[in-house]
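The values are calculated or read from the model by the stated rules, or taken from the named source; none is laboratory data. Treat the numbers as computed from the prediction; the structure is a model and nothing was measured. Backbone-built Cβ (ideal geometry, glycine too); neighbour counts: all protein chains shown. Surface areas here come from the heavy atoms of the whole protein model, side chains and all, with no ligands, DNA or RNA. Shrake-Rupley method; radii C 1.70, N 1.55, O 1.52, S 1.80 Å.
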Amino acid sequence: MYVSKRNDLDYQFYEKNMDKSPKHLRLMGQLKQGMRNQEFELHFQPKISLSDGRASGVEALIRWNHPKHGMLMPDSFIPLAEKMKLINDVTDWVLIKALQQFKQWRALGIHAPIAINVPASSFQDRDFLKKIRTALDAAEISADSIELEITENTLMSNIEQCTEVLKKLSRLGIGIAIDDFGTGYSSLAYLKRLPIDHLKIDRSFVQDMDRDDNDAAIVRSVIDLGHNLGIKVIAEGVERVDSLAILKELGCDAAQGYHIGHPMPAAQVDDWLKLAAAAH
């Protein structure tokens, strides 16, 4: 019940990972301490433009370097942060760290716009816009250096409020992307109402599109839909060269996935971006 409410779903099938295991409960108790001890870090997954193969930016992805359990993925602690009402603190931390990293890359002559995932609760935070402006000013970078990614379910949880905030963000010059597109429960009517710059096709359609004609048809339809509305399209979850070739043929604008580059610490991204620039 709580999972379905949190994700604004009509129903939710039981899954074992919903159980409050001892590890789950311990992590809830350690989350605040982990933030105080600076155990979180950002990894970055590169994106490339499919028209020329150049790096077009990166997506910031949080990791918890837990002293006992090692590197934890977001799925294991972001739901806990939401339950403990800490998700806005986590999002604020990601925003500040991502902009600081962009500033460091810029000093090295590397231009890598950063995409940042934003949860539904950020749109209920009255200080959200102020926090973004403050973070941009502190890092001394322009608003078009970042893009905020939201899911369809986040958008539809409060469409009127989200629309108002997104329009203000767009006027600042910040890019807006709809993440995991195709998996939400929404009307396509919002696409023409909102200042959306990118649609990110969900990985569930992209991963096997070179082996599944139905997946390929869905991907083609999303690309056509986006382009007809003047919106660029990004494919996530590209894991094979054949999938990448099909995406190029279909006119997809950009892509990310393990075939292109795994999420990696900032130091490794430095090298990846330099190599990508040298190759062109």
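Starting from residues that are of a type outside the set (Ser, Thr, Tyr) and without any contact (Cβ under 8 Å) to a residue 60 or more places away in the chain, keep the ones in region 258-280 and report whichever is farthest from Leu72 (Cα to Cα). Quick ask: steps written out before the conclusion?
Step one: list which residues in region 258-280 are of a type outside the set (Ser, Thr, Tyr), which gives 259-280.
Still in the running and without any contact (Cβ under 8 Å) to a residue 60 or more places away in the chain: 259, 267-268, 271, 275, 278.
Numbers: His259: 22, Ala267: 19, Gln268: 19, Asp271: 24, Leu275: 28, Ala278: 33 Å.
This residue is Ala278.
I need the full set of residues from region 102-132 which are out of contact with any strand residue (DSSP E or B) (no Cβ under 7 Å at 6 or more places or on another chain), assigned to a helix (DSSP H, G or I) and not basic (Lys, Arg), in order please.
Filtering region 102-132 down to residues out of contact with any strand residue (DSSP E or B) (no Cβ under 7 Å at 6 or more places or on another chain) leaves 103-111, 119-132.
Imposing the further condition that a residue be assigned to a helix (DSSP H, G or I) reduces the set to 103-107, 120-124, 128-132.
Once the filter is applied, which keeps residues that are out of contact with any strand residue (DSSP E or B) (no Cβ under 7 Å at 6 or more places or on another chain), assigned to a helix (DSSP H, G or I) and not basic (Lys, Arg), region 102-132 yields Gln104, Trp105, Ala107, Ala120, Ser121, Ser122, Phe123, Gln124, Phe128, Leu129, Ile132.
Only one of Ala112, Ala107 is at pLDDT below 95, surrounded by 21 or more Cβ atoms within 10 Å (Cβ to Cβ) and under 30 Å from Leu275 (Cβ atoms). Can you tell me which? Please lay out each step first, then the result.
Details: Ala107 fails: surrounded by 21 or more Cβ atoms within 10 Å (Cβ to Cβ).
Result of the check over Ala112, Ala107: Ala112.
Mind checking which strands (runs of 3 or more DSSP E) fall wholly inside region 165-252 and carry at least 2 residues that are among the small types (Gly, Ala, Ser)? Explain how you work it out, then say what you get.
Details: elements: 175-181, 198-201, 232-236.
Of the strands (runs of 3 or more DSSP E) lying wholly inside region 165-252, those with at least 2 residues that are among the small types (Gly, Ala, Ser) span 175-181.
Among the residues of region 145-164, which ones are surrounded by 16 or more Cβ atoms within 10 Å (Cβ to Cβ), in a helix (DSSP H, G or I) and not β-branched (Val, Ile, Thr)?
Within region 145-164, Ser145, Glu152, Asn153, Leu155, Met156, Ser157, Cys162 qualify.
Only one residue in Ser122, Ser142 is open to solvent by less than 70 Å² (accessible area, probe 1.4 Å), within 17 Å of the chain's Cα centre (by Cα) and of a type in the set (Ser, Thr, Tyr). Which one?
Values: Ser142 fails: within 17 Å of the chain's Cα centre (by Cα).
Sole residue among the options that is open to solvent by less than 70 Å² (accessible area, probe 1.4 Å), within 17 Å of the chain's Cα centre (by Cα) and of a type in the set (Ser, Thr, Tyr): Ser122.
Are any residues in region 247-263 farther than 10 Å from Ile48 by Cα and open to solvent by 20 Å² or more (accessible area, probe 1.4 Å), and if so, which ones?
Lys248, Glu249, Leu250, Gly251, Tyr258, His259, His262, Pro263
With the structure loaded, tell me whether Phe128 is farther than 27 Å from Ala81 by Cα and touching a helix residue (DSSP H, G or I) at 6+ places or on another chain (Cβ under 9 Å) or whether it fails that test.
Working: farther than 27 Å from Ala81 by Cα: no; touching a helix residue (DSSP H, G or I) at 6+ places or on another chain (Cβ under 9 Å): yes.
When the stated conditions are applied, Phe128 does not pass them.
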